[in-house]
Every structure is written in structure tokens, then in C-alpha cells.
Amino acid sequence: MSHRTWVILSKEFREYRRNKLIVGTMAGLPLLFLVITLVPLLTIPAELADRAAGALAAQALLLFLLIPVVLPTTIAAYSVIGEREQGTLEPLLTTPATDREILMAKAIAATAPGIVLTWILFGVFATILAAFAQPSIFRATVKAETFVAVGALSPALGVLAIELSLMVSSRSSDIRVAQQLSALSVLPAVAITSLFAYGIIDPSPGRYLLVAIAIAGVDAALWSVVTRLFDRERVLTRYGG
Amino acid sequence: MSGGIRAIGLTRAFDGRVAVEGVDLDVAPGEIFGYLGPNGAGKTTTVRVLATLLRPTSGAAEVAGIPVTPQNGPEIRRRIGVLTENPGLYLKLSVHDNLQFFAGLYGYRGEATTARIMRALEAVGLSERRNQVAGTLSKGLRQRTAIARTLVGEPQVLFLDEPTQGLDPAASLEVREAIERLREHGVTVFLTTHRLEEAERLCDRVAIVSTRLLTVGTPAELRAGRGAELEVKVAGGLADPDALFRSIPGAGSWRTDDGVYRVRVEDPAAAAPALARAIVSAGGDLLRLTDVTPSLEEAYLDLIGEAGPE
């Protein structure tokens, strides 16, 4: 990572900390996900736990895989629109920072909090289940494949979503259209997650890892497309400073 | 030509609409150069092209001795500072943090950054405000902070786009004083404005533009270029002013407004005594005869009027 990417990234995090909307979104959305996930798992009657464990575990995993997909697009929307609204986009573009450095910083700043929060949240989730859930529910929900999915697949999906979002933003001529289309960038991640969650691809640690590696490969290939599509002239003249 | 700006036939069009047409410029290192024009004259577009934010449609330019091309963008931007129309500060960050961020983007770190930030703040008289959150500053202070931001990279060339737009007279004065202090730093300043008194006070030379470049010169040259005038007031008016003014050597066109005549002359010192004698000989009661040098505003309005609507 270049020095300039690091400088932009540090600034992004400093701004996040001072923005109640961002802090609220980062804290509120994952907590909401956690509560939605935990309530059925903790309240299911013991006699139904064995039969329902698999379905409930799949549902829980789906939510954990969605956090790093949904959260970055929300933060990225602020990151770009915030620059535009403050009029800081043009001053940023007049510095020696290259397109690649700016994009890299924005992408990491948007993706990293979601991934880290997902990992923390999963730790809390597993701890609560270990302490309070039926043993069958805990065994079905917290297992090797879940760790691989949350540890490897969720970051790859988060990066994919943010790259698609950046591609849409780079080519849209209207900021509102960009925002609306960016919301669609979560769809590929939702589709892949659903294939596992609903058993269309039989979940196993190896399969999760393979899919994570494949998506990471797609992420790497897409990154060069993202940087080529970014056109500072278009951003400046269509979106304004 | 390190530190200066040169452009030859610089043109930029947007979807067939020409914003800047065939502009030639030669700004010397250390010069404060005014770029005057009405709204929509292409001033901001010229700055954006020279700052490598927009590609020229045709023509060529050099900034700080480097040809303006997309490949040279980062290299040119390392040597320039740009004050955009909007101050563009991160409002939740302090003045210091805003400057630290931009210093980092110019590649500075550690002790060197702190020293640069302090020098930039001192240059605009804002050292005492360094810990204040940018969002709590007045408009004038924000604009001065933005000027300090453009200085942290210690640029060779500074582009200031309408630096006093939207500011009240007191805030405008603060910003103008900050720009005047830049002269001591030897920075080349390219100042776009439509405030003529600002250009006249700050600039070594000014260009007047209306999509095309209409003229370039020192403010005094531009005023003189429009010709000197004598203002005459005669009690009861003149019987045949046209014949009288044509009889004066070096006199040109004339106009009258509310009993006051203004006569364009080549040399006011030679024409004034002749005119006074002619008026008295014609039986006129001369009340006033004044050498009226056109203001930069009049020269500007003449040129813009001649150029017509774009």
C-alpha cells in the first residue's frame, strides 16, 4: 500500500469516528443482524431444536455473510457523496494522488470495517450460543465450515460488492442513478450466499474455501477493470466538485 | 520555464460546446497573473485543464516546465496548488488535520509535515486557529485555510479560482491580504476572478477572457489601451460640440451625458489647453476640464462588450 493510500485511508477512518451516522450504521446494523439471528436460535423449544437446527444455522450464516456486503455499500455511499457534498472531491483530485491510490483507499475504508465487525460479531454470536443455546443448535451453527465461510468467503464477497459498486459509480452520469444501481451490487453476493445457505451447493469447509478463492480471483481481475473505468474527468464534470 | 505557465492554442469543448478557445498564455515564474472574465467565460475550465483535471480538446500547455498530458498529471500536481471555487475542507476535521491530510498526499511525513503546516498557516495568518474544527470557521477563515492547504505542498504554481467569491467585504479583504503575502514566497499565482478591483490591486498582469483571450497586459496598459479622455463641463452646453471637438488636434469620438462631454484624445496634456481655448473662443463658459483615465472596469466592459455574448 502506498503512503498516499494510507494517508487517505487514515483520513477516512478519522472522519468515520466523528460522523454519528457512520458510527450509528456500523454499530446499529450489525447489532440488529445479531439480534435477528440470535432470537430464534435461543428461543426455539428443546423438542424442536434437533429438527430445526440445520435451517436456523443456514439462516444465521446467510446473515453473517451479508453484513460485509451490505455495510460497505452503505459506507461507500457516504464516502463518495460526502466528498461531493463537502466540495472536497475536486481538491482531492488536484493532489498528486493517482486514481488507483484514491480508489484503493476508498475501497479499503468501505470494506474493512464491515469485515472486522463481522468477525467480532461472529465471535460474540458463538460465545452467546455456547453459553445459552441448546447443544444441538450450537453444534449445527458453530462448526468448521462456518468459520471458513465467515473467515474467508465473507471478505471476498464484501470486496466483490464494493468493486461492483465502484464500477457502477464510475460509469454513471447521474449520482442518483449511481446510488440506486450500487444497491444492486449486493445481488451477486446474495446469490452465492443463498446457494450455500439453501443447500444448492452442499456446504463443507473445502467448498467454502474453494468458492472464496475463486471469488478472490474474480476480485483481483475486477480491480484492474475498476481502475481503468475510473475517469476523474467524468467524476468532476458529471458529479461536480 | 520552471515555475511558470505557458499555453498555445488551448481549447476545451464539452459535447460540442466550446468553453475555452485557442488561448495563448505566457505567465512568468513568480508573477501574479489575473484571469478576468464574466461567468461562463471559461476561467474554471482553463484552471482545470492546466491542473490536469480535464484534458484539452486541442492545443498544448506547460505548467512548471512540464507538458500538460494525462501521463504527467501526478508530476504536475506535485508542483502546483489549486484553490477550487469551493474551499473544500473536511468540516469535521481541525484546521491542522485538514492540512496534515493534504501534506501527506504530497508525500510529507513526520517533523517535516509539522513544519510545513506551520509555515502554510503563518503565510495566511492562521497559526492560532490550527486546532479549531473547520466546520466552526467563518467563510473568510475557511477560505484562508483552503489557501493554506494549497501551500502545504510548497507549490511552484498556485491556481486560485475565484478566491473571494461569496465573501463579505471584510472576509474578501482577509483573503486578498493572504494572497498579497504569497508574493513574498515567490510563488507563481494564476488568479481567476471577475472582481476588477481585486485584479487591479493584486496582479502584475491581467488577461481578459470571454471563451477566447481578448487581451493581456498590466492593469495600467489595459487602461491606457482604451485611450485617454477629457471630461468637459460647460454652462448651458455647446452650440456645435461636434465641430468644436473635431477642431482639436488628436481628438477622437465624443459623447455627452447630462451636460458633461467626454472626448477621447491621444494626448491629454496637449489636447486639454487647446480644448479650453476653443471652448472660450466659441463663447462657452467653461466650468470644468478634467483628464479622465478610463478605469480597468471601463476597459474590461468595453472589451467584453466588443466580444459580444458567447
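What follows is calculated from the coordinates using simple rules that are stated; it is not laboratory data. Remember, it's a predicted structure, so these values are computed and weren't measured experimentally. Glycine also receives a Cβ, built like all others from the backbone with ideal geometry; neighbour counts cover every protein chain displayed.
For this structure, a couple of remarks:
- Selected from A:LEU89, A:LEU32, A:LEU157 as most flexible by GNM, with chain A as the system and alpha-carbon contacts under 10 Å: A:LEU32
- Exposure proxy order (Cβ contacts within 10 Å, fewest to most) of A:SER204, A:SER136, B:SER94: A:SER204, A:SER136, B:SER94
- Mean partner shielding of peptide B:81-93, defined as the number of other chain Cβ atoms within 10 Å of each residue Cβ, is 6.
- Of all lysines in the structure, the ones whose alpha carbon falls short of 29 Å from that of B:LYS43, not counting any fewer than 8 places away in one chain, are B:LYS139.
- Under the Karplus curve 6.51 cos²θ - 1.76 cosθ + 1.60, θ = phi - 60°, whole-Hz ³J(HN,Hα) for the range B:21-34, x wherever Gly or Pro sits: 10, x, 7, 10, 9, 8, 9, 6, x, x, 7, 9, 10, x
- Residue-wise HN-Hα couplings along the range B:95-105, as the Karplus relation 6.51 cos²θ - 1.76 cosθ + 1.60 with θ = phi - 60° gives them from phi, are 4, 4, 5, 4, 6, 5, 4, 5, 4, x, 5 Hz; Gly and Pro carry x.
- Distance from the alpha carbon centroid of the range B:214-276 to that of the range A:123-162 works out to 90 angstrom.
- Amide proton proximity set for B:GLY81, modelled H, under 5 Å, gap of 5+: B:VAL157, B:LEU158, B:PHE159
- Short-range pairs are left out: with C-alpha atoms under 8 Å and at least six residues apart, the relative contact order of the range B:227-293 is 49 percent.
- Sorted by Cβ density within 10 Å, fewest first, the residues B:VAL157, A:VAL225: A:VAL225, B:VAL157
- Backbone HN-Hα couplings from phi across the range B:205-215 [Karplus 6.51/-1.76/1.60, Hz, Gly and Pro as x]: 9, 10, 10, 10, 10, 8, 6, 9, 7, 8, 6
- Close amide H partners of B:LEU214, meaning residues 5 or more places away or on another chain with modelled amide H under 5 Å apart, are B:ILE208, B:VAL209.
- A cut-off of 5 Å between modelled amide H atoms, ignoring neighbours fewer than 5 places along the same chain, links B:VAL68 with B:ALA61, B:GLU62, B:VAL63.
- For A:LYS106, the aspartates and glutamates whose Cα falls under 12 Å of its own Cα, not counting residues fewer than eight places away in the same chain, are A:GLU12, A:GLU83, A:GLU163.
- Centre separation in Å (Cα based) which lies between the range B:125-157 and the range A:46-65: 56
- For chain A, relative contact order (Cα pairs under 8 Å, six or more residues apart, normalised by length) works out to 28 percent.
- Lys/Arg +1, Asp/Glu -1 at C-beta; the protein assembly as shown dipole; positive extreme among B:VAL216, A:ILE115, B:PHE190: A:ILE115
- Contact order relative to length of chain B, as percent, for alpha carbon pairs under 8 angstrom and 6 or more apart: 19
- Burial order of peptide ranges B:158-164, B:58-64 (average beta-carbon count within 10 Å, highest first): B:158-164, B:58-64
- The length gained on full extension between A:ARG17 and A:ASP50, counted as 0.36 nm times the residue separation minus their Cα-Cα distance, comes to 7.6 nm.
- Take each peptide in B:165-174, B:17-26, count the other Cβ atoms within 10 Å of every residue, and average; sorted highest first, the result is B:17-26, B:165-174.
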